[in-house]
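To keep things clear, I will list the structure first and then write my remarks on it.
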Amino acid sequence: MVGAAPKLRADDRADRTPSGRHGRALRAGLISTLVPLSLTLVQCGKAPDPAALAANSQANVQVVAKTNSQTANARVAGGDTFEDRFPAPQFKERFPSASEGFLQRQMSDFSPKRAVQRQGPEQAPYKVASLEPQVPYKRPAREDLTTLVSMKSSAFPYFGNNPASDAPFLNISKGDRRGHRSYSGRVYWQDETYSDSRVLVHVPEHFDLRKPGVIVVFFHGNGATLERDVRDRQMVPKQITDSGANAILLAPQMAVDAADSSAGKFWQPGGFKRFMAESADHLARLTGDPSSARAFANMPIVIVGYSGGFLPTAWSLEVGGISDRVRGVVLLDAVYGEMDKFASWIENHRSGFFVSAYTRYTARRDRELMSMLRQKGIGVAEDMEGPLRPGSVVFVETGEGITHRDYVTRAWTRDPLKDVLVKMAATPSLALTRVASTNP
């Protein structure tokens, strides 16, 4: 009891000091905060009072309205209106000027996009089963190759003799110019008519060097060029492609747009052989495999002569040096002479075939050649209905309405070159299936 009184007096003195007054204020504030909080915690387990919620909601609306009104007034006062922040679009913004344009869209832009499925880390990796250990090889697709290639061994330029007269081919001169006087008496100058060494080369997209194939050599007629006539008007490359045969085209430029059938370098012994050897190198490079030159150099040949192309055809068979590689000869209204050369090749190459289609312009000479062959005991057919076989000799006379000018595209049938190649490819005879094979 004695010690208690002094302690009370000490606390009383502490409360009267400034620090004591500050402590009492803290305690009073803490009590005023905790008491409402304790009442709220007591009400946590009870449903909210609807009347209280309505009153709070009304109060909130009034507060928000008051706040928005104050904000709007502030913006009006400061000039920051709705029109200032979101101005109406101008005409130039909705419609582009002449130097602008609308964004072009495709139909694919409006199609639903397929969702990309990603494998999550939680999924186990898997493998796709396959019946083959690897993807089979497929030859890459390519388009038809049609181009012009200059070759030294092509028909022209030619500075040798004309074997018919044993005189120089260029038999006329005027100043520095040299030319040839044709059988008709007309003069053609070397720099204009006999200087084009180009060859039209055509490789169909389906050509496959690994399969049996054939090289078609086309000698065009008088008054022709490779682009205008052989390619575009007579459509020789297209006929070869459309046939489906495993065939390649070589068409040397003869006398350029002239009424002249001169054979040029094909008059020379071995001239056709040199031409085919050089062609093999070019074909190997054009097809992308320089090592394939040997395969092209051994490939069988079919010679097609149209109109004045009979002359280089006959001399290539007679002195060309590779007549054994020639498995077929096709003459399109082209027997204007040299019957002895054609008859000799037919007689000595019974494994090949010979076809001559003719109009009234060459009918007399075709009948003369048929007579020569029959005298040699060689059978002759006079229609193209049957298949082409080794040793086939066929003469086909075409009727009225078939013109000489259109004979390469319309003879006994439309696209006669295509028809010949189709018959070659379809024959069951082994000798011709080695010549041409349809693309599977």
Inset, instruction - May I ask you to compute the full-extension gain from F159 to T147, defined as 0.36 nm times their residue separation minus their alpha-carbon distance, rounded to one decimal in nm? - result: 1.7 nm
Legend entry - Three-way shape label, region 327-423, alpha-carbon gyration tensor, a/c 1.5: oblate
Legend entry - Förster radius 22 Å - calculated FRET efficiency between L286 and D232, Cβ distance, rounded to 0.05: 0.60
Inset, instruction - For R414 and R210, calculate 0.36 nm times their separation in residues minus their Cα-Cα distance, and state this gained length in nm to one decimal. - result: 70.4 nm
Legend entry - Listed residue pairs exceeding 24 Å between alpha carbons, taken from K152/K211; K238/K423; K273/K423; K341/K376: K152/K211; K273/K423
Legend entry - Exposure proxy ranking, count of Cβ atoms within 10 Å, fewest first, for E205, E278: E205, E278
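Every number in this text was worked out from the coordinates using simple rules, so none of it is lab data. The shown structure was predicted, so the numbers you read here are calculated from the model rather than taken from an experiment. All Cβ positions, even for glycine, are placed from backbone atoms using ideal geometry, and neighbour counts span all protein chains on display.
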